[in-house]
Amino acid sequence: MSLQKIRNNHPLAYTAAAYALAVACFTVVPAEGLDPLVASLVQTALAALCMLCVLAAFDPSSLRWKMRRGTQSRTALLVCGVLALVALAAGVAVALLSALGGQEGGSLSFFVSPMASPSGVALFLLLCLVTGVFEEALFRGIVFKGFATALKNEERPRPVLVAAVVQAVVFGLLHVTTSTSLESATFSAAAVQTLVKPVQAALFGFVVAGVLARTGNLWLLVGTHAAFNALSEAPLFALTGALPATYATGQPADLAVLLATTVLLVPLAIHAASCLKKPDGCL
């Protein structure tokens, strides 16, 4: 029996095994003693490589570069552009508010941190890229398509839509984060961030699942995801030379931007559902 048939006949086992492999990748490379950015880059790059190998072996058609033609693909490209604009607006807003809030009297001082060296920026951008490869290969290429195949095999109604919801929920839950070192004054903001961030991530995952259903091109998702991460975090990285250790910063400015981006993703998710609910919704 070929590996492709194993995937088609046992999609849930295939998905679970791939997920376990991804988790193992983050335990094989120890983070102790390494720069946090370097450690994250190495771990994520290993996981990304493993996920690409899984797809190449079990679902090679998902790695094709060709994109479907037609109105659906053009609409998907527009959605990707909107996601990039949302990320850029969020990144600039966080950086400006951070610079403003860190100055006495509220005067704005925007500067590039000496810690944001060319090599540091290169590592940051590379991390954004490998994160896009890893998360899209796993959650959209494997989990989303795996659940869709399982539901189709069982002749469940709207399998693509249900699979998109499942992978979005899983993707969102993996973005749950907390911080135990926050001052009491910022705890309420951090608590809201802890609740909202998984929702934002789930909405993003659902939207890009819709893009995959329209285009059949995983690499478009990789580029969009990498751009979203880079544009939303690059301005702050330039200011501080480091990435935040947690999404739950407790800062009202960060919370406001998070809420705004979450709201902006809602209409995109509704639009994605219109394609995903169709019985011939690609995949």
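For the condition closer than 29 Å to L268 by Cα, free of Cβ contacts under 8 Å to residues at least 60 places away in the same chain and β-branched (V, I, T), what is the one hit in T27, T44, T71?
Only one candidate passes the filter, namely T71.
Which condition from (1) modelled with pLDDT of 90 or more; (2) in a loop (DSSP other than H, G, I, E, B); (3) aliphatic (A, V, I, L, M) is the one that A213 breaks?
(2)
Just one of (1) more than 20 Å from R140 (Cα to Cα); (2) touching an Asp or Glu at 6+ places or on another chain (Cβ under 9 Å); (3) among the hydrophobic types (A, V, I, L, M, F, W, C); (4) modelled with pLDDT of 95 or more trips up V94, so point out which.
(4)
Identify, please: which residue in region 1-48 is among the aliphatic types (A, V, I, L, M), part of a helix (DSSP H, G or I) and more than 21 Å from the chain's Cα centre (by Cα) and is, among those, surrounded by the fewest Cβ atoms within 10 Å (Cβ to Cβ)?
Per the criteria, the residue is V28.
Looking at (1) assigned to a helix (DSSP H, G or I); (2) in contact with a Cys (Cβ under 9 Å, 6 or more places away or on another chain), can you tell me which one R68 breaks?
Here R68 clears every test but (1).
Would you please list the contacts, defined by Cβ atoms under 6 Å and residues six or more apart or on different chains, that run from a residue in region 1-24 that is closer than 18 Å to S61 by Cβ and of a type outside the set (D, E) to a residue that is at pLDDT 95 or above and surrounded by fewer than 14 Cβ atoms within 10 Å (Cβ to Cβ)?
L3/A57
Being closer than 30 Å to L259 by Cβ and at pLDDT 95 or above narrows it down to one residue among L52, L85, L77, L41; which is it?
After ruling out the rest, the residue left standing is L85.
The values are calculated or read from the model by the stated rules, or taken from the named source; none is laboratory data. This is a predicted model, so every value here is computed, not measured. Ideal geometry is used to build each Cβ from the backbone, glycine not excepted, and the neighbour counts take in all protein chains shown.
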